Amino acid sequence: MATAITQNGGSNISGFSAPVSVDKGFQIKNSPKIHSISFGDGYEQRLADGINNLQQTMSVTFNLRPKAEIDALIDFFEDLGGVTKFQMTIDKDTAGSDTNATRTIKVVCKNWDQTYNYDNYYSLSATFQRVYEA
């Protein structure tokens, strides 16, 4: 399975017959949240801030898709309003592996940009932020 997004609970986004696949080459930015204190002699102490202290953001794109598909994605993001979570399934397949291991995380989308390419083909870029909640 390719990297894809679905509604919370794993159902397909309304208007789509399958999970919506993001373009290859998306990026994940990892930023552990820590408390740190430095002492005058160069010594430093660090401590994880919270139970789920790994902050992750994903930069995803949906390039050169039909206008109807981009419009449906924008409607989905607008309906969620940057507050309601949805699921993102990420391929963990590694070179030489025979298995298609995946992991599913919960994310929110707080911003997205639409590009009018040509005719009825548009593009969409978005930033997803991982959330740790039920």
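Where a number appears in this text, it was derived from the coordinates with a stated rule and is not lab data. Keep in mind that what you see is a predicted model, and the values were worked out from it rather than measured. All Cβ positions, even for glycine, are placed from backbone atoms using ideal geometry, and neighbour counts span all protein chains on display.
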Original post:
Which residue, chosen from Ile5, Pro19, Phe39, occupies the Cα position most advanced towards the positive end of the dipole of the chain, where the dipole is computed from +1 (Lys, Arg) and -1 (Asp, Glu) charges on Cβ about the Cα centre?
Top reply: Phe39
Subject >> Ratio of the Cα radius of gyration of the chain to 2.2 N^0.38 Å, where N counts its residues >> reply: 1.27
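Normalised by the residues of the chain, what does the relative contact order come to in percent, with Cα pairs under 8 Å and at least six apart? Don't jump to the answer; show the numbers that get you there.
On the way: 249 pairs, mean separation 35.3, N = 134.
Normalised by residue count, the contact order of the chain is 26 percent.
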Original post:
About the Cα centre of the chain, what is the dipole size in debye to 20, counting +1 per Lys and Arg Cβ and -1 per Asp and Glu Cβ, all else neutral?
Top reply: 240 debye
**OP:** Below 19 Å Cα-Cα, how many Lys pairs turn up in the chain? Only count pairs eight or more apart in sequence, or on different chains, if you could.
**Re:** 9
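Compute the orientation-averaged projected area for region 2-47 from the convex hull of its Cα atoms and round it to one decimal in nm². Before the final figure, lay out the partial values.
Values: hull surface 23.7 nm².
Directional mean of the projected Cα hull area for region 2-47 stands at 5.9 nm².
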Subject >> ³J(HN,Hα), Karplus 6.51/-1.76/1.60, whole Hz, each residue of region 73-90, x for Gly, Pro >> reply: 5, 4, 4, 4, 5, 5, 4, 6, x, x, 10, 7, 7, 9, 9, 10, 9, 10
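Using the per-residue mean of other Cβ atoms lying within 10 Å as a proxy for protection, in what order, highest first, do the peptides 53-63, 38-48 fall? Walk me through the numbers before you get to the answer.
On the way: 53-63: 16.7, 38-48: 8.5.
The most tightly packed comes first, giving 53-63, 38-48.
Using the Kirkwood formula over every pair of different C-alpha atoms, what hydrodynamic radius in Å results for region 42-121?
Values: mean 1/r = 0.0616 Å⁻¹.
Computed over region 42-121, the radius equals 16.2 Å.
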